[in-house]
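Beneath this line is the structure, given in structure tokens, with notes to follow.
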Amino acid sequence: MKVKVLYFASIREKLGRNAEEIDLPSGVATIASLRSHLRARGGAWAEALADGKLLRAAVNQDMSQPSAAIKGGDEVAFFPPVTGG
Amino acid sequence: MKISIQQQDFDLGAEVKAISGNPKIGAVASFIGLVREVEMTLEHYPGMTERAIGKIVEEAKARWQVMDCTVIHRYGALKPNDQIVLVAVASSHRGDAFAACQFIMDYLKTQAPFWKKEQAAGGARWVEAKDSDDKAAERWK
């Protein structure tokens, strides 16, 4: 089951990519667990998505909490707190 | 209702005129955000920006009497004094127009997926979100 993951702003710069498709491993069914799963790649991932880093996430273009559920076919995005307006 | 995420500049007068036609409208309140002091580039999340602002406007309509509303937010490269964002609300009375306009701006600052990168002397740096913006949104809860 694949999800599309998008990265924006400083996260995008640190990771060197703006999007990817990920096969959701079994057991990864929330924003928080997806973040841990990506963090486990190490290097820039461990740093950009570190526990202490204040990040926001969206599922299917709705701002979501870490506990929000994700499933195959979803569009997930990770980004810093927004600074528009 | 009009929500536009665009690169090009906008004209306040034209936008206000466009939402003032209904004879029941007695008040139009508007806000313009400008670039202050530095050059910057605005990034956004296409799709989510329109959706998030749409949700904010729907909430404003649920809380106040909003007869019409326009939100325009630019993205891309902007210079000092450039216009960034417009919020204009038309209501029968000024209480609703003022409150809805401020509410929409306060929520946009914390919910709309834009990110500013400023050109500073030492190079480009991403602007950090401010606590004061979160507090401004909180007061409407």
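The values are calculated or read from the model by the stated rules, or taken from the named source; none is laboratory data. Since the model is a prediction, treat every value here as computed from it, not as a measurement. All Cβ positions, even for glycine, are placed from backbone atoms using ideal geometry, and neighbour counts span all protein chains on display. With ligands, DNA and RNA removed, areas are computed over all heavy atoms of the protein, side chains included. Shrake-Rupley method; radii C 1.70, N 1.55, O 1.52, S 1.80 Å.
General observations
- Scanning region B:100-141 for residues that are touching a residue at least 40 places away in the same chain (Cβ under 8 Å), open to solvent by 30 Å² or more (accessible area, probe 1.4 Å), part of a helix (DSSP H, G or I) and over 13 Å from A:M63 (Cβ atoms) returns a single hit, B:Q102.
- Listed by first and then second residue, the pairs with beta-carbon distance under 7 Å, at least 6 apart or on different chains, first residue in region B:81-99 and at positive phi and more than 14 Å from every other protein chain (Cβ to nearest Cβ), second of a type in the set (A, V, I, L, M) and part of a strand (DSSP E or B), are B:N81/B:L34.
- Residue within region B:48-70 that is crowded, with 20+ Cβ neighbours inside 10 Å, touching a residue at least 40 places away in the same chain (Cβ under 8 Å), under 27 Å from B:G123 (Cβ atoms) and within 14 Å of chain A (Cβ to nearest Cβ) present: yes
- Taken over region A:61-85, the criterion of being of a type outside the set (F, W, Y) and facing chain B (nearest Cβ under 7 Å) is satisfied by A:Q61, A:M63, A:A77, A:P80, A:P81, A:V82, A:T83, A:G84, A:G85.
- Candidate set: region A:2-23, residues that are of a type outside the set (D, E) and in contact with a Lys or Arg (Cβ under 7 Å, 6 or more places away or on another chain); chosen: the one surrounded by the most Cβ atoms within 10 Å (Cβ to Cβ): A:Y7
- Residues that are assigned to a loop (DSSP other than H, G, I, E, B) and either open to solvent by less than 50 Å² (accessible area, probe 1.4 Å) or in contact with a Leu (Cβ under 7 Å, 6 or more places away or on another chain) (or both), drawn from region B:88-99: B:S92
- Yes/no for B:Y75 being closer than 28 Å to A:R12 by Cβ, surrounded by 22 or more Cβ atoms within 10 Å (Cβ to Cβ) and at pLDDT 95 or above: no
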